[in-house]
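Novice: Handing you this structure, nothing more for now.
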Amino acid sequence: MQTTMVSIGDTSLAVQICGSGAPLVLLHAFPLDHTMWHRVLPLANHARLIIPDQRGFGRSTCNDSEKSPIVSITQLADDVAKLLDALDIAEPATIAGISMGGYVAQHVAVRYPEKVSRIILIDTKFSADTPEARSTRANLAATVGRVGQQVLADAMVPNLLAATDTARSQTERAANEEFLRKLISEQSVATIQAALQALADRPDMTKDMQHLEKPALLICGSEDTITPPAVMKSMEKILLQGLLLTVPDAGHLVPLEAPVVFHEAVRSFLARPMEPVESS
């Protein structure tokens, strides 16, 4: 399925748009692009899917070659708001994000509440990086600059997928690994380095999310070692109207590893009537 290039000022985003109904924005993980959602495209039967390559990733560009591709997670959130405006989408959208995309989704919900009806957060967290995590990202960025994207794939891919194979075959896991390695190899070194810095610099969102007056679906893999289920359980308790689904035998990329379960969870969430939320 083809993408459309949408100009939003200093960048042009490659966006896949399909389906009809209420808008559902899907924000990909680092260091991937919109194609990571390919196994859940049947959601287009229930919503108008808007699936961008975030700034610098995939086919999206930065129109000013002198600028860093990505400055901050806030900038990526602003891109989503500009994209909705550029597409003339007036009604509030469901914003779904996985991992890095989940950080972006949180900022969209806080900065642009009028543009958001609900949020879906997948394998992500509210907290900022620890000093150790920031140091690890800085070292990885430097290594990628010296060696290239392959070192990033080697470091990340084994941890992105569930270690257990009770729900899927070795053949499927191998295919997912190959798909992820190819995606990572296609991302630019400059974007990878800039995104690692933006991820390291992101703020803690816990207090902001405590006051979020939007229905929120949280989805995590039971085998996710990057964002363990206990982390997302604590997030569910923080939210005014949060619902957590833990997916058995899935790791950090539930839409890729368990697309049928993911599809049904999102379809059911979108079908729920909106209820007023009272902040404390």
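The values are calculated or read from the model by the stated rules, or taken from the named source; none is laboratory data. The structure presented is a predicted model; accordingly, all values stated were derived computationally and were not measured. Backbone-built Cβ (ideal geometry, glycine too); neighbour counts: all protein chains shown.
Novice: Return yes when SER135 is at pLDDT 95 or above and part of a helix (DSSP H, G or I) and no when it is not.
Specialist: Answer is yes for this residue.
Novice: Here is a follow-up. Kindly establish whether PRO113 is at pLDDT 95 or above and out of contact with any Pro (no Cβ under 7 Å at 6 or more places or on another chain).
Specialist: The answer is yes for PRO113.
Novice: Among the residues of the range 166-179, are any at pLDDT below 95, among the small types (Gly, Ala, Ser), surrounded by fewer than 18 Cβ atoms within 10 Å (Cβ to Cβ) and under 25 Å from VAL25 (Cα atoms)?
Specialist: No: zero hits.
Novice: What are the residue pairs meeting all of these: first residue in the range 85-96, first residue at negative phi, second residue of a type in the set (Lys, Arg), Cβ atoms under 6 Å, and 6 or more apart or on different chains?
Specialist: These pairs meet every condition: PRO92/LYS115; THR94/ARG118.
Here is a yes/no grid of residues against (1) at pLDDT 95 or above; (2) under 25 Å from LEU24 (Cβ atoms):
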position: ILE192; (1), (2): yes, no
position: PRO203; (1), (2): yes, no
position: MET209; (1), (2): yes, yes
position: LEU212; (1), (2): yes, yes
position: MET232; (1), (2): yes, yes
position: LEU243; (1), (2): yes, yes
position: HIS252; (1), (2): yes, yes
position: PHE269; (1), (2): yes, yes
position: GLU275; (1), (2): no, yes
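Novice: Additional query: Of the conditions (1) touching a strand residue (DSSP E or B) at 6+ places or on another chain (Cβ under 9 Å); (2) over 17 Å from ASN159 (Cβ atoms), GLU264 fails just one. Which one is it?
Specialist: Failed condition: (1).
Novice: I'd like to verify a number: residues in the range 123-148 that are of a type in the set (Gly, Ala, Ser) and on the phi > 0 side of the Ramachandran plot, how many?
Specialist: Count: 1.
Novice: Turning to a different aspect of this structure: Scan the range 167-191 for residues that are touching a residue at least 40 places away in the same chain (Cβ under 8 Å) and in contact with a Gly (Cβ under 9 Å, 6 or more places away or on another chain) and jot them down.
Specialist: Across the range 167-191, the qualifying residues are LEU183, GLU186, GLN187, SER188, VAL189, ALA190, THR191.
Novice: For the range 228-260, name all the residues that are among the β-branched types (Val, Ile, Thr) and surrounded by fewer than 23 Cβ atoms within 10 Å (Cβ to Cβ).
Specialist: In the first step, residues of the range 228-260 are kept if they are among the β-branched types (Val, Ile, Thr); the result is 231, 238, 246-247, 254, 260.
Matches in the range 228-260: VAL231, ILE238, THR246, VAL260.
Novice: Next question. Six or more apart or on different chains, Cβ atoms under 7 Å: show the pairs whose first residue is in the range 260-280 and over 16 Å from SER117 (Cα atoms) and whose second is modelled with pLDDT of 85 or more and in a helix (DSSP H, G or I).
Specialist: PHE262/VAL40; PHE262/VAL254; PHE262/PRO255; HIS263/VAL40; HIS263/PRO42; HIS263/LEU43
Novice: Restricting to the range 50-64, name every residue that is of a type in the set (A, V, I, L, M, F, W, C) and surrounded by fewer than 24 Cβ atoms within 10 Å (Cβ to Cβ).
Specialist: Selection gives CYS62 alone.
Novice: Hey, among the residues in the range 1-49 that are of a type in the set (Val, Ile, Thr) and without any contact (Cβ under 8 Å) to a residue 60 or more places away in the chain, which one's nearest to HIS252 (Cα to Cα)? Spell out the reasoning first.
Specialist: Just the residues of the range 1-49 that are of a type in the set (Val, Ile, Thr), to begin with: 3-4, 6, 8, 11, 15, 17, 25, 35, 40.
Next, from what is left, pick out any that are without any contact (Cβ under 8 Å) to a residue 60 or more places away in the chain: 3-4.
Working: THR3: 26, THR4: 28 Å.
Across the range 1-49, the extreme among qualifying residues is THR3.
Novice: So which residues in the range 35-87 are among the polar types (S, T, N, Q) and modelled with pLDDT of 95 or more, if there are any at all?
Specialist: Selection gives THR35, ASN45, GLN54, SER72, THR74, GLN75.
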